[in-house]
């Protein structure tokens, strides 16, 4: 049962151009992410999928595995699907190219869920109070069986009766069974997906269940130069 993790990486991010190549303690950010995912014992192969030669060369120069993909991929998930199209991979994990710090135990849990029969899986963690009203922080609420009920940029649910249920912070890491990834990328963007600008809603709207793995460890995502400064201020010496 082959598990391939793919890290989609573009150079031209609107909020932070060139982000995958920023230096973190002597190595490009994309290399740091590749190293972390490679440390997961349940992942058989790690690929960086990019449309930029500079990113490809940076990963290759540090001994990482990279593949060139089309610049016309409409999303990171489409880039992942293109990267594995010729590979014998039964399960595919999409790790966002700005997820510099991640909880390997949660990643192992995600792979375990796929091997146990989940069509699709993702990760969530506890939410800080100051994140609840931040539209850049995606929220998820779950059914009693651990599957996602809904994702939103708004605070969910509306708290009329406190203490009954809470929301989790969604971490943008996805696992797919091969057939699910193929189906997902064949579907058109859905109404809720377009409304919230969250592609995972396409799965829910089309009846694809998403198992949510609740992480206990740390995650750190780089979206802006300020995020990078906060990370570097506490990054351990290499």
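The values are calculated or read from the model by the stated rules, or taken from the named source; none is laboratory data. Predicted model, so just to flag it, every value in this text is computed and none were measured. Methodologically, a virtual Cβ is constructed for each residue, glycine included, from the backbone with ideal geometry; neighbour enumeration extends over all protein chains shown.
A few points about this structure:
- Within region 65-80, restricting attention to residues that are closer than 18 Å to residue 198 by Cα and touching a helix residue (DSSP H, G or I) at 6+ places or on another chain (Cβ under 8 Å), the residue that is modelled with the lowest pLDDT is 73.
- Residue within region 201-220 that is in contact (Cβ under 8 Å) with a residue 60 or more places away in the chain, within 17 Å of the chain's Cα centre (by Cα), surrounded by 13 or more Cβ atoms within 10 Å (Cβ to Cβ) and in a helix (DSSP H, G or I) present: yes
- In region 37-46, residue surrounded by the fewest Cβ atoms within 10 Å (Cβ to Cβ) [restricted to those that are over 14 Å from the mean Cα position of the chain (by Cα) and in contact (Cβ under 8 Å) with a residue 60 or more places away in the chain]: 41
Conditions (1) in a strand (DSSP E or B); (2) within 18 Å of the chain's Cα centre (by Cα); (3) in contact (Cβ under 8 Å) with a residue 60 or more places away in the chain; (4) more than 23 Å from residue 115 (Cβ to Cβ), marked per residue:
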{"residue": "5", "(1), (2), (3), (4)": "yes, yes, yes, no"}
{"residue": "11", "(1), (2), (3), (4)": "no, yes, no, yes"}
{"residue": "20", "(1), (2), (3), (4)": "no, yes, yes, yes"}
{"residue": "32", "(1), (2), (3), (4)": "no, yes, yes, yes"}
{"residue": "35", "(1), (2), (3), (4)": "no, yes, no, yes"}
{"residue": "48", "(1), (2), (3), (4)": "yes, yes, no, yes"}
{"residue": "63", "(1), (2), (3), (4)": "no, no, no, yes"}
{"residue": "70", "(1), (2), (3), (4)": "no, no, no, yes"}
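- Test: residue 198 is farther than 18 Å from residue 141 by Cβ and either within 14 Å of the chain's Cα centre (by Cα) or surrounded by 15 or more Cβ atoms within 10 Å (Cβ to Cβ) (or both): no
- Residue in region 136-146 that is under 30 Å from residue 87 (Cβ atoms), over 15 Å from the mean Cα position of the chain (by Cα) and surrounded by fewer than 19 Cβ atoms within 10 Å (Cβ to Cβ) present: yes
- Among (1) surrounded by fewer than 21 Cβ atoms within 10 Å (Cβ to Cβ); (2) in contact (Cβ under 8 Å) with a residue 40 or more places away in the chain - the single one residue 114 does not satisfy: (1)
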